[in-house]
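The structure appears below as structure tokens.
Each reported figure results from applying straightforward, stated rules to the coordinates on display, with no laboratory input. Keep in mind it's a predicted model, so treat the numbers as computed, not measured. Note: ideal-geometry Cβ built from the backbone for every residue, glycine included; neighbour counts use all protein chains shown.
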Amino acid sequence: MAPFQLDSEDEFCIEKRTFYRVISGLHASINIHLSAKYLLTDTRKLIFIKPKEEVAWGPNLTEFRQHFDGRLTQGQGSSWLKNLYFVYLLELKAISKLSPFLQSFNFYTGDAEDDSDVLKAILDLVGVVQKFPSHFEETILFSRDDAPKLRAEYHKRFTNITRIMDCVGCQKCKLWGKIQIKGLGTALKILFAEPFNHKQVENVTRNEIVALLNSFGRLSESIYELGNFRRIIKEEKLWKAKSKPKVNDFSQFLNKG
């Protein structure tokens with residue numbers, strides 16, 4: 001399943017291109033997770049193996065290449081990875097915009113110790129986010145005369161994607177898919193609500209905040225796993241380079257014969 005792609009960018013306004021890049025980035029994140037947490041070994045159903053169950057999950061470089069290698073994706077793989085960073089920066093900017101509200105939000109979990117830990121983690125996150133202010137420039141979007149129509153179209157498309165998630169058979173996949181879509185929708189709501197002020201902040205619900213933070217966490221993990229795949233590829237290239245016989249060594253071998 002290939003991520004969303006545009007046949008011709010000239011046919012779309014910047015808002016529609018942004019929508020496709022956002023969905024493409026989300027899809028790239030999912031594909032990275034599938035490649036990084038791949039079922040490598042499963043002997044539970046093999047009757048000739050000892051009764052002890054053995055399941056191993058880990059990174060699958062072949063699977064990763066099928067999704068992102070330029071030679072296998074008609075040169076689109078690098079663009080899809082760029083879209084991952086695009087949606088990451090979009091959600092980062094939303095969190096930055098929401099940070100004053102997050103610092104005073106009542107994260108009630110039912111346990112005083114957990115409440116304290118959550119607040120500390122949120123304050124740490126906000127502190128890091130504020131050190132990197134230039135995340136995403138959203139002011140150029142929805143500045144046209146037809147902005148209300150485009151906002152309505154965004155909402156309609158995200159509603160359709162959420163409904164598609166209902167068709168997913170895996171309950172865990174469905175749950176995470178809906179959380180990420182809701183988190184992404186919350187980020188867009190924060191960035192493009194007009195105007196976004198203290199009164200508007202009050203319209204962001206607890207569930208939306210939870211979804212946004214979890215969605216951002218999944219994107220962050222995807223970027224971390226992408227770094228692991230880059231390290232694996234680099235190590236593979238070094239191993240292949242060391243495994244090749246040097247010309248001088250091979251010549252000496254022939255002379256000895």
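Points worth noting:
- Added length on full extension, which subtracts the Cα-Cα distance from 0.36 nm per residue, LEU61 to LYS82: 5.7 nm
- Note, ³J(HN,Hα) from phi for the range 99-106, Karplus 6.51, -1.76, 1.60, rounded to Hz, x at Gly and Pro: 4, x, 6, 5, 5, 10, 6, 8
- For the range 87-229, a simple Cβ point-charge model (Lys and Arg +1, Asp and Glu -1, everything else neutral) yields a dipole of about 580 debye relative to the Cα centre.
- For the range 101-159, alpha-carbon Rg relative to the globular expectation (2.2 N^0.38 Å, N residues): 1.71
- Scattering profile of the range 144-197 at q = 0.17, 0.26, 0.30 Å⁻¹ [log10 I(q)/I(0), Debye over alpha-carbon scatterers]: -0.60, -1.01, -1.16
- By the Stokes-Einstein formula, at 0.692 mPa s and 37 °C, the range 69-174 with its Kirkwood radius over alpha-carbon pairs has D equal to 186 µm²/s.
- Take the Cα of ASP124, step 7 Å toward its Cβ, do the same at ALA152, and the gap between the two points is 4.6 nm.
- Label-to-label distance, ARG144 versus LEU34, with points set 7 angstrom from Cα along the beta-carbon direction: 3.2 nm.
- Distant-in-sequence amide H partners of TYR38 (H built 1.01 Å from N, under 5 Å): GLY58, ASN60
- When each of LYS37/LYS156; LYS37/LYS178; LYS131/LYS172; LYS16/LYS174; LYS82/LYS178; LYS82/LYS120 is checked by Cα-Cα distance, pairs over 29 Å: LYS37/LYS156; LYS131/LYS172; LYS82/LYS120
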